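This report concerns only the one structure given below.
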Ligand SMILES: Nc1ncnc2c1ncn2[C@@H]1O[C@H](COP(=O)(O)OP(=O)(O)OP(=O)(O)O)[C@@H](O)[C@H]1O
Ligand SMILES: [Mg+2]
């Protein structure tokens with residue numbers, strides 16, 4: 001599990017995270033939801049040690065995250081940022097291979113290649129693995145970045161809006177891959193989602209953030225309610241139950 005205790009962060013005297021205390025459960029799929037600017041990406045970046053904070057503490061399985069050596073952290077936790085730009089002329093396979101860097105420092109073994117092949121297969125990239133990343137569509141490139149994160153083979157996988165640019169089929173396929181990683185391989189997955197229906201259908205646990213604070217958290221059915229989501233987004237949201245699934249509508 002990852003715990004944050006009284007975590008606060010200011011940027012240019014503006015409070016971005018305020019007293020964030022939460023426990024992200026191990027071995028579950030946790031979705032972060034909430035409006036633009038709520039602090040979701042900043043929170044994920046702090047728990048990945050990509051950005052610092054002013055006060056509070058973060059623990060990765062009871063160990064203060066500041067005490068975990070960066071090399072060790074890269075073998076335990078992978079983080080896909082909301083936007084990624086790599087200006088290199090490399091193939092899909094080579095970029096996915098970057099995920100193995102914490103283990104290999106560049107020299108790939110047969111086992112590394114097996115994991116790279118597995119990650120490309122999971123993201124349906126095998127048939128185009130020799131294509132240069134510059135030739136890919138937005139959704140194809142997003143899938144390559146996700147495959148790179150999967151190739152890192154960490155217990156904790158943090159994905160900031162991974163459904164960006166993905167069509168319905170590939171979004172759905174990714175969520176099933178993540179669910180399988182949780183249920184079969186006991187991975188802990190933390191994902192920022194704007195499509196509330198994906199959170200409703202796939203998450204075990206939901207953390208709702210607004211204005212730098214946690215507004216609600218708990219098992220999915222506790223947070224995915226009309227009242228909670230309407231408050232969160234300042235928008236009338238209705239939650240229905242359809243074929244055993246929670247479905248949110250907000251188009252009126
Ligand atoms: N480097 C920075 N300089 C100034 N303000 C920043 C910086 N990084 C983040 N912020 C501000 O912090 C707040 C939280 O940003 P953050 O990116 O964490 O939000 P978010 O919940 O991920 O939003 P979105 O859903 O739009 O991605 C925003 O008001 C943002 O403008
Ligand atoms: Mg964000």
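General observations
- Rounded FRET efficiency, nearest 0.05, which uses the C-beta distance separating residue 36 from residue 132 and R0 of 30 Å: 0.35
- Working note: Cα atoms of region 159-228, range along each principal axis, descending, whole Å: 29, 27, 22.
- The relative contact order of region 2-249 comes to 26 percent, based on Cα pairs under 8 Å that sit 6 or more residues apart.
- Comparing region 1-128 with the 2.2 N^0.38 Å rule of thumb, its C-alpha radius of gyration ratio is 1.24 (two decimals).
- Annotation: average projected area of region 98-233 is 9.6 square nanometres, based on the convex hull of Cα atoms across all directions.
- Sorted largest first, the principal axis extents computed over the alpha-carbon atoms of the chain equal 51, 44, 35 Å.
- Relative intensity, log₁₀ I(q)/I(0), of region 49-96 from a Debye sum that treats every alpha carbon as a point, q = 0.17 Å⁻¹: -0.71
- The C-alpha atoms of the chain define a longest principal axis, and helix 110-122 lies at about 50 degrees to it.
No value in this document is a laboratory result; all are computed from the given coordinates. These numbers were taken from a predicted model, which means no experiment stands behind them. Heads up, the Cβs are rebuilt from the backbone with ideal geometry, glycines too, and the neighbour counts pull from every protein chain shown.
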